[in-house]
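Novice: Pasting in a structure now, in structure tokens, and then I'll have a few things to ask.
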Amino acid sequence: MARENEDAGMAKDATKAKRQRKNKTKETKTRTVHANTLYHSAKGEENPNRHYANNRIKTTKYTVLSFLPKNLFEQFHRLANVYFVFIALLNFVPVVNTFLPELALAPVLFILSVTAIKDIWEDYRRHRSDKEINHMDCLVYCRAEKGYLEKYWKEVRVGDFIRLRCNEILPADVLLLSSSDPDRLCHIETATLDGETNLKQRQVVRSFFDLDCDFDPLKYNSVIECEKPNNDLNRFRGYIIHQSGRRDALYKENLLLRGCTVRNTEEAVGIVIYAGHETKAMLNNNGPRYKRSKLERQMNVDVFWCVIILLVMCLFAALGHGLWMFQYGDKRPVFDVLSPEGTNLSPIMSAIYLFLTMIIVFQVLIPISLFVSIEIVKICQVYFIHQDTDLYDEETDSHLQCRALNITEDLGQMQYIFSDKTGTLTENKMVFRRCTVAGVEYSHDANAKRIAMYQEMDSEEEECMSHGGTLPRRDSVGSHQSARVVLRSHSTKSHRRTGSRAEAKRASILSKHTAFSSPMVGLPGRSGCCHNLCCLLKTPQCYQFAPERNPTTAAK
């Protein structure tokens, strides 16, 4: 009987241990997010979100302590730098040196210093960009003030409630809880993540979908259980557990990712799920890395073969010198070089010393002046790229910035371009021209100037018609164009726009370089010609709207 009880107790303990292991495994695969408003007065150790990363980002490559070893390690990826440093150190050996050690070290230090200064400048710009991003403003709910206060991005924590406004960039990965849109949608632009400029829709969590009033963070008492941070932009799974015990599923349609821009939505409220380097955008960013150009890789191969040739030449000279010294035996030549102690050297030691000496003498096989010139040329290239007026953008008032100064050699060496659509290489821009509703025309401001220009042209044509009668018929092409001008003037009489002649001239200059600047045409079913493809082909569909253009009718 006692044994049965003992077996039952052991089975119960095993089941309990198995359950604990299962719960522990589940905890490691999921993340639990609580609202920070519930732990406003709690200490740091009592907040369950304290273990999650903050929203401060850092994309710099170096620190003050790690700069020198890390930068030298990256620069020694170039075999030429390793070779020149070896030659400079070899000159410090008194037995084999041929030049002044300081003179041999100067060009090497120049190359390493110029590259190090460029890397420092690049990393400083990353630091400046990080500082600018970390100090951007956003609205975070404060329980003490019972309202939203402006805070820096770096002060945002997991579990904070954020109010998002139109054209505002998301500071972190946010779960959408409320939206001012009647359909409870939030439109975002994900161009910074996937390059797509078309807007994407995100939906409020289902349990908050039917809220008639504004979202109140103080009434929020749910717990979010979701997956661990990962770099999959198209996947998000989780549950929101309410106080009543009801669980609602969460999908990627409920998550707003860091770096996206809110569009066409006045206001939205969400809770931060992932912050800082745990956001999906930052997990997809592998950080700055050392970029090697195609020319640099090719130079490494060329330097390797030059070093092989140099070693063969020095080995051949050392063997010849050793054999020549061996022929003298105990008799030493007059011009023999003694050891530092003043004793005679053996033929083997003489050959070794001569081998090292020949390396220094034949070092010009890989000219260090060439690499110094290359570094100077790359700096000049970067300067001219930054100052190029053809690469200036007037809309953003910015010049081209060369962020990686060591890949300018790859410019103009592209062989293949793969594109999934034409918009990748060009610019797909939808331009609103005009629309007519119930006979009232609504046009874009940018197109109003072009319409004014056409009105000035039409008025000049009408003056010519009134003073000179009909337009002269030069040929069939000219008569066709003049007829189109006259018909266009009739079709645009009801769409007059006010504008001075100076504005019309400026608009005419602008229209030569602007797409979609064609004249306003008549609509089918109204007076005038439709000026569509049927006009060019002179089909009966066109003649029913413009019978005067029908050859048979005109003849009658």
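The values are calculated or read from the model by the stated rules, or taken from the named source; none is laboratory data. Fair warning: this is a prediction, and the values are worked out from it, not measured in the lab. Every residue, glycine as well, gets a Cβ built from its backbone with ideal geometry; the counts of neighbours run over all protein chains shown. With ligands, DNA and RNA removed, areas are computed over all heavy atoms of the protein, side chains included. Shrake-Rupley method; radii C 1.70, N 1.55, O 1.52, S 1.80 Å.
Novice: In terms of modelled amide H atoms, which long-range or inter-chain residues lie less than 5 Å from the amide H of S178?
Specialist: Answer set, sorted by chain and number: V269.
Novice: Placing +1 on the Cβ of each Lys and Arg and -1 on the Cβ of each Asp and Glu in segment 158-284, which of F209, I273, P171 has its Cα farthest towards the positive end of the resulting dipole?
Specialist: Towards the positive end, the residue furthest out is I273.
Novice: Sorted by accessible area with a 1.4 angstrom probe, largest first, how do T115, T59, T32 fall?
Specialist: So, going from the largest accessible area down, we get T32, T59, T115.
Novice: Of K151/K291; K61/K280; K29/K154, which ones are farther than 30 Å apart at the Cα?
Specialist: K151/K291
Novice: Using a ≥ b ≥ c from the Cα gyration tensor of segment 158-284 (square roots of the eigenvalues), is it rounded, prolate or oblate, where a/c under 1.5 gives rounded and otherwise the larger of a/b and b/c decides, a/b for prolate?
Specialist: oblate
Novice: Next question. Compute, for I120, the solvent-accessible surface of its heavy atoms (probe 1.4 Å) with the complete set of protein chains present, and express it in square angstrom to the nearest 10.
Specialist: 90
Novice: Of all accessible surface on segment 158-284 at a 1.4 Å probe, what whole percent is carbon and sulfur?
Specialist: 42
Novice: Report the antiparallel proportion of the DSSP beta bridges in segment 199-315 as a percent, rounded to a multiple of 5.
Specialist: Looking only at bridges with both residues in segment 199-315, the antiparallel portion is about 100 percent.
Novice: I would also like to ask the following. Just how far, in whole angstrom, is segment 38-115 from segment 276-332 if you go by their alpha carbon centroids?
Specialist: Taking the Cα centre of segment 38-115 as reference, the centre of segment 276-332 is 21 Å away.
Novice: Give me the accessible area per residue for segment 158-284, probe 1.4 Å, as a whole number in Å².
Specialist: Counting only protein heavy atoms, the per-residue value for segment 158-284 is 46 Å².
Novice: May I ask you to rank H386, H77 by accessible area, largest first, using a 1.4 Å probe over the protein chains only?
Specialist: If we order H386, H77 from most to least accessible, we get H77, H386.
Novice: Still on this structure, I have one more. Starting with the highest mean, order 148-160, 97-109, 269-281 by the number of other Cβ atoms within 10 Å, averaged over the residues of each peptide.
Specialist: Packing order, densest peptide first, comes out as 269-281, 148-160, 97-109.
Novice: Here is a further query. As a test of reading the structure, rank D410, D420 by solvent-accessible area (1.4 Å probe, protein chains only), most first.
Specialist: Most to least solvent-accessible, the answer reads D420, D410.
Novice: Run the dipole for segment 158-284 about the Cα centre, Lys and Arg Cβ at +1, Asp and Glu Cβ at -1, nothing else charged, and hand back the magnitude in debye, nearest 20.
Specialist: Around 340 debye, computed over segment 158-284.
Novice: Go through segment 172-186 residue by residue and turn each phi into a ³J(HN,Hα) via Karplus (6.51, -1.76, 1.60, θ = phi - 60°); whole Hz please, and just put x for glycine and proline.
Specialist: 7, 7, 10, 8, 6, 10, 7, 8, 6, 5, x, 8, 6, 10, 9
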